[in-house]
Every structure is written in C-alpha cells, then in structure tokens.
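The values are calculated or read from the model by the stated rules, or taken from the named source; none is laboratory data. Keep in mind that what you see is a predicted model, and the values were worked out from it rather than measured. Note that each Cβ is placed from the backbone with ideal geometry, even for glycine, and that neighbours are counted across all protein chains shown.
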Amino acid sequence: MELRPILSTLLRHKTAAALIVLEIAFSCAIVCNALFLINNRLERMHRPSGLDESHLVFLRINGISHDAEGNAVTRADLNALRAIPGVRAVTTINQATFANSMWMSSIKLRPDQEDSTMATTNYMVGEGGLDALGLKLVEGRDFKPDEYRNADDNNYPSVILTRALAAHLFPGASALGKSIYVFGDQPHHVVGIIEHLAKPRDAGPGAEYDMSMLFPVRFSYMDGGIYAINVADPARRDAVLDQAKQVLSHIGPTRIVSVNTSRTLEDLRTRYYRNDRAMAWLLVAVSAALLVVTALGIIGLASFWVAQRTRQIGVRRALGATRAQILRYFQTENFILATVGIVLGMGLAYAINQLLMSKYELPRLPLMYLPVGAVLLWALGQVAVFWPARRAAAVPPAIATRSA
Amino acid sequence: MLAYYLNLALRSFRRNKALTALMVLTIALGIGASMTTLTVFHVLSSDPIPGKSERLFYVQMNALPDSQYDPGDRDELLQMTRLDAESLLKQGHGKRQAMMSAGSVVILPTAAGQSAFRVESRYTTADFFPMFDVPLKHGHAWSARDDADHARVAVISSKLNQQLFGGADGTGRTIQVSGQSLQVIGVLNTWAVNPRFYDLTNDEFGNSEEIFVPFSTAMDLAFPLSGSMWCWGDTPEGKTALSAPCAWLQYWTELGAGSDAADYRRYLDNYIARQHDAGRFKHPGDLKLLNVMQWLDRNHVVPSDVRLQLWLALGFLVICLLNTIGLLLAKFLRRSSEIGVRRALGASRRTVFAQYLVEAGIVGLTGGSLGLGLALLGLAIVRKQPADYAPMAHMDLTMLLATFGLALLSSLLAGALPAWQAMHVTPAIQLKSQ
C-alpha cells in the first residue's frame, strides 16, 4: 500500500486530522490511567484479611451505665453464645476488622527508647481467639492459658505478630523469642507469627495494612469488647446472629446491641469497600463513554471525508482500484492518525500519572498499561472507520464521469 | 439579524439531523458529567457558616514534651490538651471561646414500651451556642455559670425531643443519660452544618449531635468519648484529667469584627512562651490559628475521590469538545459552497463568523439543557451512593446557571475554530467549482 497519497491528503486537511489525533491522544491517556486506577481499587479490595471471613459474625453490646461485674457478665455471655446450635467457637476481641474504629499503640524495641519505632494496631483476643478467628499460625505457638489477662492489667507477657510486622520490626531475623514494649516497661515476648491479619481500617502507608499485633487479653463488654462468633454453616450466619442477640437480652443487666458493629464480617467488608467499588464502576462507565464518544467522532469526521472525496474515489475506481483497495485506504489512514494519537497519548498518560502520583500518592503507571491502551485505541479506530470506509468503497466508478 | 441567523441555523440542523443530534448528545454527555461532579464538589467545599467563617478560628498547638517532639510529626497533634484548653478558656482573650469533645451516650426512654438507645453527644462550654449561631426552638442554652457549677443540664435536638416527648416542649423535664439524670433546658431547632467543621475527628458530614452537655458535667459523670485522643505518657488520674498528657479537645475562638487575628496570635505566642517558662516544653509549639475555611482545607474535607472524579469529568468534557469541534468543522465546511455564495453576495467575514457561532451556540444550549437533565440524573445516582455526603448532593441556582454558562462557553469555544475556517472560505474558488 502506497502511504504517500494518504499522507499528502491528510496534510491538506490538517485541522480535521489534528482533531482526530488529539481526541485519540486524550482518550488513550485517560483510559490508560482509568484502567490503572480500576486495577488499583480491585487490588485494594482483594487484599487478604487473614480472617475466616465466610464464617465469622461480630456482635457488640453496650452497657447503659457502668457495670462493675463486666468480666463475670462477659463470661456468662460467652457460655450462652457457645451453647447456640451451629456455633463452632466464640471469643472476645477489642475491635472488629472493617468496622469504624481502630486501636493504635506505639511499639518500642527497648524499654528506655525515647521515640517509638512505629505505631500500629493491637488486637486483644480472648481464649481460643486464634482458632475462632481462623488465623493461621506460621511460626511459634498460640497463647498459653496462663498468659491471658484482664483488660485493666497492662502487664501482658506475650504477643503474636503478623509476618509483615515481624519482618518490619526485626528485618532479616526471626522475631520469635524477641521482645517488644507497648504497654509500659514490661516486655511482651513474641511467641508466634501469623500469616495475615489486616488492620481494622487503612491508616498510614498501604504497606502497613497487614501489620497487626495480638495480645492475650480478655475484654469485657464494659471495656468495649466485641464477641466474635464462628458459625459452622455460612448460610446460617444471620440466623445465629439474631439468636445471639435474643440470648444475650435474657442475661445480664440491660444492654443495647450496637447496630453498626453487629454484622457478618463479609457484610462489614462489603460496607468498608463500597466507596472503592463505586469508584471502580464509575471509572469503567467513564472509560466506556469516552471510547464511545471517540468512536462517534471518528465516524463523523470520516463520513465527512468520504462525502468530500466522493469524486476522487470515483476516479480511482474508474482507473481500476478495487473496492478492497478503497476500503484499505481509509483503514490505513485511520491507522496512521491513531498511531500519532497513541504516541502523543502515551506521553500525556505519563504526565497525568505524574500529577496523580503527586496529588493522590498513587504508584507509577506500570508500562504494561500503555500497550493495552494502544491496542484498544487502534481497534476502536479500525472498527469506527469501517462503516464510512465501506460506504466509500461502494462509490460507483461511474461517478467520475458525472459533473459534481 | 439574530433571527435570520437562527433561521439559517435551524435549516442547517434539519438538513443534517444525524450529525446535529450527535453533537448535541456529545455536549450533553460532557456537560452532564462535569456538572454532576462540579455540583458535588461545590456542595462539599461550600462555607458551612457563611458570614462568620472569617471570624471563627480553630486553635492548635503542640504540647508534647521536648523528648517526644518531632517537627515532622506535628500533623498528628490537631487537638489541644485539657490543661491548655482550660487555661485559654479561663483567660477568655477572644470575643467568645469554647472547648469541646464528642461522645456517645445511652438514653433511657421516658415512656413505657420504648427501649434504650444510643445517641451522639457533644460536651462543650456555654459560648458554643452563640458562637456557632445554634438555633433554639424551646428554652435556652446554658450559661458560663452553669459550666462553673457543673450543672446537671442538657440541650437536646428537636429529633431527640420528638423521640422522647413526642414533639411537646421537653424543657424542664428530666432525662436519663448513661445512668445519670439531666434536666433538659433547651431544644434545638433544625441545625445541620455540613461539613461538621467544629470537630473533624468524627464523621465530617451528617447530622449534628442529639444531646449537648456542659463539659464540666460530662467529665464529672465520666460520659464516654468518641473521636481521636493522642496520649504520650502514662496517666494515673485517667486520660481526661486536667493534667493528663493527652491531646483530645477542640478549641474554637470567635474574634470580634474589628479585632485582629494577628493580635490574638501574639497573645497565643505569649501563652506558649509562658509554657516554656513553666518548663512544659522548649520547642516552638507549632501554633496554628486557622479560620473555618482554612481549617477545612487543611483537613482535606473534600474527599480525594471527589476531586479525582472532578478531574475525570473535566477530561471527559475536553474530549467531548474536541469531538464537537471536529463535527462542527465537518458540518460547516460541507457548506463551503453556500458560504461562497453568501460571501459573493456581499456578506462580510464577520457576518459569516457570527452566523456560525450562533449555530454552535444553539447546539451548545440544546446540549446544555439535555446535559442538565443528565446532571440531575447523575446527582440522583450520587445520592444513592453509600458515602455520608451523598444526601447533600443537590443542585442549587448557582450550579443551574453554571450549567448553561458552561454549555454556552464550551460550545462557543468549540465553534470558534470551525467558524474561523468557514469565514476564510474563498468565494471565488467555491463559485467556480459550482
């Protein structure tokens, strides 16, 4: 295919050609970044929490006034909850993952350290907590029965860390057997490492999402403790939750169920990520609309060109050009314009990414998005131009002999 | 003349229905998307207390001991310690001042058959009400005297009043709040400031608290707190004690119209200097005195997703405009011969330019009207979103006018280049080729 006639025709229609190129460049740049943002959100939503998400429900109750017998009531509550049919295990925990609040504490590696090394979340789990929550131990051991303390006792002998936190605090060495200082001057010995446990909420850099520590602490409902219930059959989670609320309303002093925290963990996760999900869908919608508008633009301008060049096409047909050659002419023309647009668009995509990086702390756009965007825009151009090009190919050679 | 242009434009639209419809639709999509996001942005970034926001100041200082002070860390300390807040309050250097914190309490029912429920609460001092123009339907707010006396009183929202007393004036009645008796002395009128600028450590958007209690009373009764609390030492007397090394209070001051913020700042500098003398800390104290809008800006109250959506929609509008320019160009130049005839018959270039701009403008306004519909639809979708600012996403008159302004402006911008090209059509060549 001879490129020169195409190029010289394009040069005679600089404005229109430039408009198509610009439109493709902008689309390419925005679509590349939108795809990247969508992928970012999806990755964020699919980080593992480390918990047995399909079986867990949380139940939180609030006392109406101060209750000195909080620990005894909590023990009775736990026994009553364990007796509900279909409940595999129950434990207490100080905070629910994906709920509204988060406990944070600073970690020191020496008792006399002035600045803390870092601050991260501390989960306080009661007896049988690791099993009930479905946390996977990868090194060391679970807490021993004599290590559990009440919440008002700040002297916790042991701690379990997530693998990410252990690696952060003790790089290149095993954390097992080492000590950290969180509550006062008494050391907490690292007795175990678990695979994953997400912080209740995102705070700090994204890499800290999986940095949690667990302490063996019995939290009473008066301390703001939450009951974590592991239900054998996922289909019965809501039923068990309702039954648990009823059971608890019959024992202990008057209490009210906290609506926001008393849910299945899956429900809490869905609610936590709903903004990300909405944003991802919005980006999908905008990208689709963008591509449609670009395609319509290409169709519009190409149709105009075809109409303008009807005579020229007729002359070529009369001189022996086949329909396929006419079709290919317009397809090639669009390919050239799209290529220029895509090259410009990649530069623009990179510039937009730079802006996003500085304003929204996003990572750099991986290079793989550029060829994806390029192929998308090339394909879009070819499909869009096909219809006007086919009309051009249908121009009869006889038109060359007619006066305009 | 304009009537003639309009007539020509309408003829041209009739001749090219598909192309015209495409242009109108493109502009409508761009305008619809832009106005949806612009309206959300406009709502979220608007002044929550107009007319007064310039004179209300949030006071922020860093009271960490020198051993823990890290200048890079200063953003963590957005709130005040109780010691500093009480001292400034006592000195009363501004026109009005209030210290406050949020919490949640359990209300016991007043009538049989109701069950206990939890509400958000605010613990503050007397000036809170006049300072933030809080409207009262019944009764009155408490006085500085009540603060000093640790009076067992409360001001409740009209919603809570409705819940407890079925809408009858609840002042004078006693309610059970987290196990304690408080007397209702005032009932608020509808009061919803959005964003809730006075305390950004809790939800930024949404309804105001249901119950307001004097700070001293709430401390006596150990009402539960919510929001953030930053402690940097052990606290044998409890985290809310006067001397506790914890930052957890919001402190607002209202300065008089004539009084100078610089003056107040000097007073605060002097206060910090005296803390140096007292040996609490030696570092500069990172004093900040921000008015309402500066404070909202500082806390990035407009969610970053909303900003991102705004940029995305504007990018979309740019592409829609590029598209419209292309289509208008195709449309105008197809009529080159018509332009040639008009020019040969004596129409000036300016006339041709004006006529095509009118045509572009009509496309823009039609697209704008359609875009307005799309924006209203978009806002309805936004309101269905789970975000806590969603219910506020409504279009006001400003945004309505802005929609047409933007539609007209963008279509004229889009029309300028094609009209320019049309204007430069050479009559002789066009006539010859006929």
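Going by the conditions given, is A:LEU42 assigned to a helix (DSSP H, G or I), under 43 Å from the mean Cα position of the chain (by Cα) and farther than 15 Å from A:THR294 by Cβ?
Numbers: assigned to a helix (DSSP H, G or I): yes; under 43 Å from the mean Cα position of the chain (by Cα): yes; farther than 15 Å from A:THR294 by Cβ: yes.
Here the answer is yes, as A:LEU42 does meet what is asked.
Surrounded by fewer than 19 Cβ atoms within 10 Å (Cβ to Cβ) and closer than 15 Å to A:SER105 by Cα: does that describe A:GLY177? Don't jump to the end; show me each part of the working.
Details: surrounded by fewer than 19 Cβ atoms within 10 Å (Cβ to Cβ): yes; closer than 15 Å to A:SER105 by Cα: no.
Answer is no for this residue.
Across region B:142-162, what is the number of residues that are closer than 23 Å to B:PRO109 by Cα and touching a residue at least 40 places away in the same chain (Cβ under 8 Å)? Show your work before the answer.
Quick first cut of region B:142-162, residues closer than 23 Å to B:PRO109 by Cα only: B:151-162.
Filter again for touching a residue at least 40 places away in the same chain (Cβ under 8 Å), leaving B:151-157, B:159-160.
Summing the residues that are closer than 23 Å to B:PRO109 by Cα and touching a residue at least 40 places away in the same chain (Cβ under 8 Å) in region B:142-162 gives 9.
Just give me the residues in region B:356-402 being at pLDDT below 85 and of a type in the set (S, T, N, Q), in sequence order.
B:GLN385
Within region B:87-121, can you find the residues that are away from every other protein chain (no Cβ under 14 Å) and part of a strand (DSSP E or B)?
Taking region B:87-121 as the starting set, the residues that turn out to be away from every other protein chain (no Cβ under 14 Å) are B:87-101, B:110-113.
Scanning region B:87-121 gives B:ARG96, B:GLN97, B:ALA98, B:MET99, B:MET100, B:SER101.
Which residues, counting only those in region B:154-197, are buried (at least 21 other Cβ atoms within 10 Å of the Cβ), in a strand (DSSP E or B) and away from chain A (no Cβ under 14 Å)?
Hits for region B:154-197 are B:ALA154, B:VAL155, B:ILE156, B:VAL184, B:ILE185, B:GLY186, B:VAL187, B:LEU188.
Let's see how each residue does on (1) aromatic (Phe, Trp, Tyr); (2) closer than 19 Å to A:ASN154 by Cβ; (3) crowded, with 18+ Cβ neighbours inside 10 Å:
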| site | (1), (2), (3) |
| --- | --- |
| A:ASP77 | no, no, yes |
| A:PRO85 | no, no, no |
| A:SER101 | no, no, no |
| A:VAL125 | no, yes, yes |
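For region A:239-265, give me the residue count where each residue is among the β-branched types (Val, Ile, Thr) and either without any contact (Cβ under 8 Å) to a residue 60 or more places away in the chain or not in a loop (DSSP other than H, G, I, E, B) (or both). Spell out how you get there, then give the answer.
Pass one, region A:239-265, residues among the β-branched types (Val, Ile, Thr): A:240, A:247, A:251, A:254, A:256-257, A:259, A:261, A:264.
Next, only the ones that are either without any contact (Cβ under 8 Å) to a residue 60 or more places away in the chain or not in a loop (DSSP other than H, G, I, E, B) (or both) stay: A:240, A:247, A:256-257, A:259, A:264.
Residues that pass the stated criteria total 6.
Name, by its number, the condition in (1) touching a residue at least 12 places away in the same chain (Cβ under 8 Å); (2) surrounded by fewer than 22 Cβ atoms within 10 Å (Cβ to Cβ); (3) not in a helix (DSSP H, G or I) that does not hold for B:GLY51.
Looking at each condition in turn, B:GLY51 falls short on (1).
Return yes when A:ALA72 is away from every other protein chain (no Cβ under 14 Å), out of contact with any Phe, Trp or Tyr (no Cβ under 8 Å at 6 or more places or on another chain) and either among the aromatic types (Phe, Trp, Tyr) or part of a strand (DSSP E or B) (or both) and no when it is not.
Numbers: away from every other protein chain (no Cβ under 14 Å): yes; out of contact with any Phe, Trp or Tyr (no Cβ under 8 Å at 6 or more places or on another chain): yes; either among the aromatic types (Phe, Trp, Tyr) or part of a strand (DSSP E or B) (or both): no.
It is false that A:ALA72 is away from every other protein chain (no Cβ under 14 Å), out of contact with any Phe, Trp or Tyr (no Cβ under 8 Å at 6 or more places or on another chain) and either among the aromatic types (Phe, Trp, Tyr) or part of a strand (DSSP E or B) (or both).
Kindly provide the set of residues from region A:332-379 that are at pLDDT below 90, within 12 Å of chain B (Cβ to nearest Cβ) and assigned to a helix (DSSP H, G or I), ordered by number.
A:LEU355, A:LEU356, A:LYS359, A:TYR360
Report, by residue number, each residue of region B:337-348 that is of a type in the set (Gly, Ala, Ser) and either on the phi > 0 side of the Ramachandran plot or surrounded by fewer than 18 Cβ atoms within 10 Å (Cβ to Cβ) (or both). It would help to see each step written out before you state the result.
Taking region B:337-348 as the starting set, the residues that turn out to be of a type in the set (Gly, Ala, Ser) are B:337, B:340, B:344, B:346-348.
B:SER337, B:ALA344, B:GLY346, B:ALA347, B:SER348, listed by residue number.
Do you know which residues across region A:147-180 are assigned to a loop (DSSP other than H, G, I, E, B) and under 28 Å from A:TYR221 (Cβ atoms)? Steps first, please.
Here is the first cut: in region A:147-180, the ones assigned to a loop (DSSP other than H, G, I, E, B) are A:148, A:151-157, A:170-178.
Hits for region A:147-180 are A:TYR148, A:ALA151, A:ASP152, A:ASP153, A:ASN154, A:ASN155, A:TYR156, A:PRO157.
Would you check if there is a residue in region B:249-271 being at pLDDT 90 or above, touching a Gly at 6+ places or on another chain (Cβ under 7 Å), buried (at least 21 other Cβ atoms within 10 Å of the Cβ) and closer than 25 Å to B:CYS231 by Cα?
The answer is yes, given that some residue of region B:249-271 is at pLDDT 90 or above, touching a Gly at 6+ places or on another chain (Cβ under 7 Å), buried (at least 21 other Cβ atoms within 10 Å of the Cβ) and closer than 25 Å to B:CYS231 by Cα.
Can you give me the number of residues within region B:302-321 that are more than 7 Å from chain A (Cβ to nearest Cβ), more than 18 Å from A:VAL293 (Cα to Cα) and not β-branched (Val, Ile, Thr)? If you could, list the steps in order and put the result at the bottom.
Initial filter on region B:302-321 (more than 7 Å from chain A (Cβ to nearest Cβ)): B:302-303, B:306-307, B:310-311, B:313-314, B:317, B:321.
Now drop any that are not more than 18 Å from A:VAL293 (Cα to Cα), which leaves B:302-303, B:306-307, B:310.
This time we only want the ones that are not β-branched (Val, Ile, Thr), so: B:303, B:307, B:310.
Result for region B:302-321: 3.
For A:VAL292, are the conditions met, namely being assigned to a helix (DSSP H, G or I), without any contact (Cβ under 8 Å) to a residue 12 or more places away in the chain and within 14 Å of chain B (Cβ to nearest Cβ)?
Numbers: assigned to a helix (DSSP H, G or I): yes; without any contact (Cβ under 8 Å) to a residue 12 or more places away in the chain: yes; within 14 Å of chain B (Cβ to nearest Cβ): yes.
Answer is yes for this residue.
Can you pull out every residue in region A:222-255 that is within 13 Å of another protein chain (Cβ to nearest Cβ) and crowded, with 16+ Cβ neighbours inside 10 Å? Before the answer, list the steps.
Initial filter on region A:222-255 (within 13 Å of another protein chain (Cβ to nearest Cβ)): A:222-224, A:245, A:249, A:253-255.
Those that are within 13 Å of another protein chain (Cβ to nearest Cβ) and crowded, with 16+ Cβ neighbours inside 10 Å: A:MET222, A:ASP223, A:GLY224, A:ARG255.
Looking at region A:22-64, which of its residues are of a type in the set (Asp, Glu), touching a residue at least 12 places away in the same chain (Cβ under 8 Å) and more than 12 Å from chain B (Cβ to nearest Cβ)?
Narrowing region A:22-64 to residues of a type in the set (Asp, Glu): A:23, A:43, A:52-53.
Applying the additional criterion that residues be touching a residue at least 12 places away in the same chain (Cβ under 8 Å) yields A:23, A:52-53.
Of everything in region A:22-64, those that are of a type in the set (Asp, Glu), touching a residue at least 12 places away in the same chain (Cβ under 8 Å) and more than 12 Å from chain B (Cβ to nearest Cβ) turn out to be A:ASP52, A:GLU53.
Go through the residues of region B:396-408 one by one and say whether even a single one is within 14 Å of chain A (Cβ to nearest Cβ) and either in contact with a helix residue (DSSP H, G or I) (Cβ under 6 Å, 6 or more places away or on another chain) or touching a residue at least 12 places away in the same chain (Cβ under 8 Å) (or both).
Pass one, region B:396-408, residues within 14 Å of chain A (Cβ to nearest Cβ): none.
Looking through region B:396-408, none of the residues is within 14 Å of chain A (Cβ to nearest Cβ) and either in contact with a helix residue (DSSP H, G or I) (Cβ under 6 Å, 6 or more places away or on another chain) or touching a residue at least 12 places away in the same chain (Cβ under 8 Å) (or both).
State which residue is nearest to the other protein chains (Cβ to nearest Cβ) when the search covers only region B:198-218 and only residues that are buried (at least 23 other Cβ atoms within 10 Å of the Cβ) and assigned to a helix (DSSP H, G or I).
So the residue we want is B:ALA218.
Does region A:223-238 hold any residues that are assigned to a helix (DSSP H, G or I) and in contact with a strand residue (DSSP E or B) (Cβ under 9 Å, 6 or more places away or on another chain), and which are they? Explain how you work it out, then say what you get.
If we filter region A:223-238 for residues that are assigned to a helix (DSSP H, G or I), which is where we start, we get A:223, A:234-238.
Selection gives A:ASP223, A:PRO234, A:ARG237, A:ASP238.
From the residues in region A:105-132 that are within 15 Å of A:LEU161 (Cβ to Cβ) and among the aliphatic types (A, V, I, L, M), which one is farthest from the chain's Cα centre (by Cα)?
So the residue we want is A:LEU109.
Is there a residue being touching a Phe, Trp or Tyr at 6+ places or on another chain (Cβ under 6 Å) and in contact (Cβ under 8 Å) with a residue 40 or more places away in the chain anywhere in region B:259-281? Outline the logic, then answer.
Step one: of region B:259-281, the residues touching a Phe, Trp or Tyr at 6+ places or on another chain (Cβ under 6 Å) are none.
Within region B:259-281, none of the residues are touching a Phe, Trp or Tyr at 6+ places or on another chain (Cβ under 6 Å) and in contact (Cβ under 8 Å) with a residue 40 or more places away in the chain.
Only one of (1) in a strand (DSSP E or B); (2) modelled with pLDDT under 95; (3) surrounded by 19 or more Cβ atoms within 10 Å (Cβ to Cβ) fails for A:GLU139. Which number is that?
Result: A:GLU139 fails condition (3) only.
Taking only pairs six or more apart or across chains, which ones have beta-carbon atoms under 9 Å, a first residue in region A:269-287 that is at the interface with another protein chain (Cβ under 9 Å from one of its Cβ atoms) and free of Cβ contacts under 8 Å to residues at least 40 places away in the same chain, and a second residue that is assigned to a helix (DSSP H, G or I) and not acidic (Asp, Glu)?
A:LEU282/B:GLN309; A:LEU282/B:LEU312
Restricting to region B:232-247, count the residues that are in a loop (DSSP other than H, G, I, E, B) and out of contact with any Gly (no Cβ under 9 Å at 6 or more places or on another chain).
Pass one, region B:232-247, residues in a loop (DSSP other than H, G, I, E, B): B:232-245.
Restricting the remaining residues to those that are out of contact with any Gly (no Cβ under 9 Å at 6 or more places or on another chain) gives B:232-233, B:235-243.
Residues that pass the stated criteria total 11.
Would you mind stating whether A:LEU19 is facing chain B (nearest Cβ under 10 Å), modelled with pLDDT of 85 or more and touching a helix residue (DSSP H, G or I) at 6+ places or on another chain (Cβ under 9 Å)? I'd like the intermediate steps shown before the answer.
On the way: facing chain B (nearest Cβ under 10 Å): yes; modelled with pLDDT of 85 or more: yes; touching a helix residue (DSSP H, G or I) at 6+ places or on another chain (Cβ under 9 Å): yes.
Against the criterion (facing chain B (nearest Cβ under 10 Å), modelled with pLDDT of 85 or more and touching a helix residue (DSSP H, G or I) at 6+ places or on another chain (Cβ under 9 Å)), A:LEU19 qualifies.
When region A:6-20 is examined, which residues are found to be surrounded by fewer than 19 Cβ atoms within 10 Å (Cβ to Cβ), of a type outside the set (D, E, K, R) and under 17 Å from B:LYS331 (Cα atoms)?
Matches in region A:6-20: A:HIS13, A:THR15, A:ALA18.
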